[in-house]
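Accompanying notes for the structure given below.
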Amino acid sequence: MRDVVSPSLRRILCVFPRYSPSFGTFEYAYPLTDGVQAFMPPQGLLLIAASLPAGWEVRFIDENIRAATDEDFIWADAVFVSGMHIQRPQINDICRRAHQHDLAVALGGPSVSACLEYYPDFDYLHVGELGDATEELFRRLGRDTSRPEKQVVLTTQERREMSEFPIPAYELIPLERYFLGSIQFSSGCPYQCEFCDIPGLYGRNPRLKTPEQVTAELDKLLECGLTGSVYFVDDNFIGNRKAALELLPHLVEWQKRNGFALQFACEATLNIAKRPEILSLMRDAYFATVFCGIETPDPAALKAMSKQHNMVVPILEGVQTLNSYGLEVVSGIILGLDTDSLDAGEGILEFVDQSEIPLLTINLLQALPKTPLWDRLKREGRLIEDSDRDSNVNFLLPYDHVVSTWRDCMGKAYK
């Protein structure tokens, strides 16, 4: 999108909001590291920064590392923000601070793309992925950076092909301050798990970068000082199995050229255990960790949430298969499902012991907009907006029992 013509050069301040404290970002372990301050680089906003019209200046601030200052806002002509639902309070706070300096603020990313109504104070809402809406935003700011009289909503109708994406602007951030590097190969997932918003936001037919793009991004990450591990942030690394098979030999060759400089990690559905040809190449490419959303060891619950693909092989057998290829399995578990019984916690703890999975995130069920779960619970009148609750779901089991079971499972799993 560097071909977007702008009559004026602009200074764009990109601000990524801080995460609320959580188990999943490991922030309480950062003091044990050599200077880590944040979890992963924010791919989406780095992509937008790399897509700005030629000649525009950009300053990138991840507030997980440092907060944007008055000087940053004074420098800028406009502010770009992106984030997820969990960052909603911080997203709105960035808007408030930018408006104190009378700056136009544009918000894009997954949260606003699902829920425009969460963000009434922003000047521009960018709904959807990189595409024609992005070009229109650049044109408008090229003409005039003053705040519009009323909120402008720009919705992507024609997405830019991922094969045409620029390399994210990794050079704008201190990569050495991140727990993991990040890279994206594909977007979308063919499955329709009830609680997941990925198909609603990004589609069921995974779109792809070329292997050459991926290796060029890895080169850039090394050039910018990344060491350690890189996480493929794809919604499902094997969402397109043929494409994964085509990519992996390129990753193997890249590792050989670079002395196996980085470990790889990814997220994939557990049916990857049925693909020895993929697992073998992943081992050769130095993949060390695979996050699998196991969710529950209960087959009836998996069927109810439309996640039958987790039962293509017995779950424990699938975990053991991945381990046999040198892959550490990390998993997500959910409590508060409609199918849970009063002793659901006991079944989860038994699974933890049997699977020997070293790292699990045990979460309460949350209903996200743009999911079948949200739609169903809304019809049933079971969505609850209460910031004092740990979940927005009215569970079938007593709320206090579910929460106490969740806390008990966490305590015993990590004792």
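Considering only the chain, what is the antiparallel percent among its DSSP beta bridges, to the nearest 5?
Details: 4 of 49 bridges.
About 10 percent, rounded to the nearest 5.
With springs only between Cα atoms under 10 Å, which of Gly381, Gly228, Gly318 fluctuates most in a Gaussian network model of the chain?
Comparing Gly381, Gly228, Gly318 in a Gaussian network model of the chain, the most mobile one is Gly381.
Rounded to two decimal places and with Rh computed the Kirkwood way over Cα pairs, what is Rg over Rh for the chain?
Details: Rg = 21.7 Å, Rh = 22.6 Å.
My calculation puts Rg/Rh at 0.96.
Could you compute the net charge surrounding Pro398? Neighbours are other residues with a C-beta less than 15 Å from the C-beta of Pro398; K and R count +1, D and E count -1. Provide the component values of the computation, followed by the final result.
Details: positive: Arg382, Arg389, Arg407; negative: Asp338, Asp340, Asp343, Asp390, Asp400, Asp408.
In short, -3.
At 10 °C and 1.306 mPa s, what whole-number value in µm²/s does Stokes-Einstein give for the translational diffusion of the range 180-414, with Rh from the Kirkwood sum over Cα pairs?
Numbers: Rh = 18.9 Å.
Roughly 84 µm²/s, to the nearest whole number.
With θ set to phi - 60° and the Karplus curve 6.51 cos²θ - 1.76 cosθ + 1.60, what are the ³J(HN,Hα) couplings of the range 83-90 in order, to the nearest whole Hz, using x for Gly and Pro?
x, 9, 3, 5, 9, 3, x, 6
Please report the projected area of the range 10-155's Cα convex hull averaged over all directions, in nm². Walk me through the intermediate numbers first.
Details: hull surface 35.0 nm².
Convex hull of Cα atoms, orientation-averaged projection: 8.8 nm².
Determine, for the chain, the count of lysine pairs separated by eight or more sequence positions (or lying on different chains) whose alpha-carbon distance falls under 24 Å.
Close lysine pairs found across the chain: 14.
Below 11 angstrom from the Cβ of Trp75, what's the summed charge of the other residues (Lys, Arg +1; Asp, Glu -1)?
Local net charge: -3.
Treat each spin label as a single point 7 Å out from the Cα along the C-beta direction, and report the Ala261 to Val153 distance in nm.
According to this spin-label approximation, the distance is 4.5 nm.
Which order do His101, His309 take when ranked by solvent-accessible area (1.4 Å probe, heavy atoms of all protein chains), largest first?
His101, His309
With every protein chain present, what accessible area does Phe232 have (1.4 Å probe, heavy atoms only), rounded to the nearest 10 Å²?
Per-residue accessible area (Phe232): approximately 0 Å².
Just to confirm the filter: which trypsin sites (Lys or Arg not before Pro) across the range 118-160 are DSSP coil and have at most 16 other Cβ within 10 angstrom of their Cβ?
Working: sites: Arg139, Arg140, Arg143, Lys150, Arg159, Arg160; in loops: Lys150, Arg160.
Qualifying residues, ordered by number: Lys150.
Over all pairs of distinct alpha carbons, what does the Kirkwood formula give as the hydrodynamic radius of the range 58-117, in Å? Could the numbers behind the result be given before it?
On the way: mean 1/r = 0.0836 Å⁻¹.
Taking every pair of different Cα atoms in the range 58-117, averaging 1/r and inverting gives 12.0 Å.
Could you order Glu253, Glu194 by accessible surface area, starting with the largest, using a probe radius of 1.4 Å?
Numbers: Glu253 90, Glu194 35 Å².
My answer, sorted largest first, is Glu253, Glu194.
Determine by what factor the alpha-carbon radius of gyration of the range 213-314 differs from 2.2 N^0.38 Å, reporting the quotient. Could the numbers behind the result be given before it?
Values: Rg = 15.3 Å, N = 102, 2.2 N^0.38 = 12.8 Å.
Its radius of gyration relative to the 2.2 N^0.38 Å reference: 1.20.
In whole percent, what relative contact order does the chain give with Cα contacts below 8 Å and a gap of six or more residues?
Numbers: 765 pairs, mean separation 49.3, N = 415.
The normalised contact order for the chain reaches 12 percent.
If packing is taken as the average count of other Cβ atoms within 10 Å, what order do 182-193, 335-346 fall into, highest mean first?
Numbers: 182-193: 21.4, 335-346: 18.1.
Listed from highest to lowest mean packing, they are 182-193, 335-346.
With angles folded into 0 to 90 degrees, how steeply does helix 211-223 sit against the dominant principal axis of the chain? Use alpha carbons for both and round to 10.
70
Tell me the net charge near Pro206. Cut-off is 12 Å between Cβ atoms, Pro206 excluded, with +1 for each Lys or Arg and -1 for each Asp or Glu. Write down the numbers at each step before the final one.
Values: positive: Arg204, Arg207, Lys209, Arg241, Lys242; negative: Asp234, Asp235.
Once positives and negatives cancel, what remains is +3.
To the nearest whole percent, what portion of all C-alpha pairs in the range 339-415 is separated by more than 20 angstrom?
Values: 1155 of 2926 pairs.
Counting pairs separated by more than 20 Å, the tail of P(r) holds 39 percent.
The values are calculated or read from the model by the stated rules, or taken from the named source; none is laboratory data. Everything quoted here is computed from the prediction, not taken from an experiment. Reconstructed Cβ throughout: ideal geometry from the backbone, glycine too, with neighbour counts over all protein chains shown. With ligands, DNA and RNA removed, areas are computed over all heavy atoms of the protein, side chains included. Shrake-Rupley method; radii C 1.70, N 1.55, O 1.52, S 1.80 Å.
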